[in-house]
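Have a look at the structure below before the remarks.
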Amino acid sequence: MREVDVSQITAAIRDMCIESTHTLSPDMEAAFTKTVEEEGSPLGKLVMDQLQENLRLARAEQIPICQDTGMAVIFLRLGQEVHLTGGNLAAAVDEGVRQGYNQGYLRKSVVGDPIERVNTGDNTPAVLHCEIVPGDQVEITVAPKGFGSENMSRIYMLKPADGLEGVKNAILSAVAEAGPNACPPMVVGVGIGGTFEKCALMAKHALTRDLREKSPIPYVRELEQEMLEKINGLGIGPGGLGGTTTAMAVNIETYPTHIAGLPVAVNICCHVNRHARRVL
Amino acid sequence: MEKKHLSIPFDTAEARELHIGDYVYLTGIIYSARDAAHQRMQEALDRGEELPFPVKGSVIYYMGPTPARPGRPIGSAGPTTASRMDKYTPQLLDLGMAAMVGKGRRSPAVLEAVVRNNAVYFAAVGGAGAVLSHAIRSAEVIAYPDLGPEAIHRLEVVDFPVIVVADAHGGDLYTSAVEQYRKKD
Ligand code: SF4
């Protein structure tokens, strides 16, 4: 048994909330550079130049990359040999978010009730996904999610007979509908299989995968590539103002499913695809 | 692509010279307002009250910033999705609002009101909040402070970069530019 004090989790989450909203991960930065070079529309290129300058300024002057600093989505992989001490885990996670959003001058964009809509004032609560895994480590991923793109995400309960073609159509129609609202060039996270909630969670988790890594499953890897090309053929372009880069990557996760179903979730993220990861 | 400089306020003749795809630098006063502020403005209009700023000739920016760090006028300040304001926009345009700045497609009713009033809809680049904040020289909350980031701010902008996405001639860049780059199979 290894003991981990929850205050360490609070501190890590605080730091990652601030870091992820000011600096994109190296894989995202590499994708940006590639897009600037390859974009075929003059206006699209201008938009990409502005976005690259934006990343530079955000880092140099500590201004958040985007004013929508999101709702804090947190994936926690907890080793089963870890004994958490020092308090309640969910409270420690929220405390990290509270400190990060206050100390980092981040926007508080969370309302305490979806209908009554009063701002909680500190961006809590987080959306916390916990998984118990073998080992004695705690892996934390912080992924603040903006809602311009979240609002354009879709879930489709397809039928087995819809097959791979149905999956492709679902992804393409979600991206086409998202268009300029999702602040392209986008990153597209897809979950295929599982149940209603499992496929949505996979789609979200797929957004945190390093863009340079491909799926280990051969047909999925091909599907990722094919969908990226098809999406870029839509013409939406940077800022939705027309162009040859609509998405920088399509990341797909799959899971076994029921004989009667083929769930597909498409979680769309903008070019501000934020995630930071740390292992305690 | 044409680059232009435009001072606010501008008249309808100047607005009619703007065409979709133009890259425009705005200088003058603009007002931030997003979902909750629009709802309150609508309620004020329904009660026959004045709006918190003179709507005639005004430019509204759909934006809710991050808090300013000490010594800065504002934090990150990029556009939010405009379609959520579609419900309120035609009436504001008919009352004389000159332009709006946001991101994303608008409803046919908004596009018709833009044409009818010789107005213009600009896009700022979504997710470029750090760069855009540099063009904002001062910011002051003038209404609904309880709404926090959604309060109405009076913003003084200098060479604020935007792109004309819907013009007084019925142009809609989000439709036409995408069509141009779409691969036909
Ligand atoms: S969709 Fe992304 S880039 Fe666009 S405003 Fe929201 S968080 Fe920012």
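The values are calculated or read from the model by the stated rules, or taken from the named source; none is laboratory data. It should be emphasised that the depicted structure is a prediction, and the values quoted were computed from it without experimental measurement. Using ideal geometry, Cβ is built from the backbone for each residue, glycine included, and neighbour counts are taken over all protein chains shown. Surface areas here come from the heavy atoms of the whole protein model, side chains and all, with no ligands, DNA or RNA. Shrake-Rupley method; radii C 1.70, N 1.55, O 1.52, S 1.80 Å.
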(message) If I go through the stretch A:40-74 residue by residue, how many of them are of a type in the set (A, V, I, L, M, F, W, C), within 16 Å of the ligand (Cβ to nearest atom) and either more than 21 Å from A:Tyr101 (Cα to Cα) or surrounded by fewer than 24 Cβ atoms within 10 Å (Cβ to Cβ) (or both)?
(response) 7
(message) For the stretch A:240-280, give me each residue that is open to solvent by 20 Å² or more (accessible area, probe 1.4 Å) and within 16 Å of the ligand (Cβ to nearest atom).
(response) A:Met248, A:His275
(request) Report whether or not A:Gly166 is in contact with an Asp or Glu (Cβ under 9 Å, 6 or more places away or on another chain) and in contact (Cβ under 8 Å) with a residue 40 or more places away in the chain. (result) no
(message) Test of understanding: among A:Glu222, A:Glu226, A:Glu197, A:Glu213, which residue is assigned by TED's automatic domain parsing to the domain that holds A:Thr257, more than 14 Å from the ligand (Cβ to nearest atom) and within 19 Å of A:Asn273 (Cβ to Cβ)?
(response) A:Glu213
(message) Can you say whether A:Lys198 is open to solvent by 30 Å² or more (accessible area, probe 1.4 Å), touching a residue at least 12 places away in the same chain (Cβ under 8 Å) and within 19 Å of the chain's Cα centre (by Cα), as far as the supplied structure shows?
(response) yes
(request) Would you check which residues across the stretch B:73-111 are in contact with an Asp or Glu (Cβ under 9 Å, 6 or more places away or on another chain) and facing another protein chain (nearest Cβ under 8 Å) and list them? (result) B:Ser76, B:Gly78, B:Thr80, B:Arg105
(message) So if I check each of B:Arg137, B:Arg116, B:Arg182, which one is modelled with pLDDT under 95, more than 15 Å from the chain's Cα centre (by Cα) and either surrounded by fewer than 17 Cβ atoms within 10 Å (Cβ to Cβ) or away from chain A (no Cβ under 12 Å) (or both)?
(response) B:Arg182
(request) For B:Pro9, work out the one condition from (1) part of a loop (DSSP other than H, G, I, E, B); (2) open to solvent by less than 50 Å² (accessible area, probe 1.4 Å) it doesn't fulfil. (result) (2)
(request) Give the stretch B:82-113 a look and list any residue that's within 16 Å of the ligand (Cβ to nearest atom) and open to solvent by 10 Å² or more (accessible area, probe 1.4 Å), or say none. (result) B:Ser83, B:Arg84, B:Lys103, B:Arg105
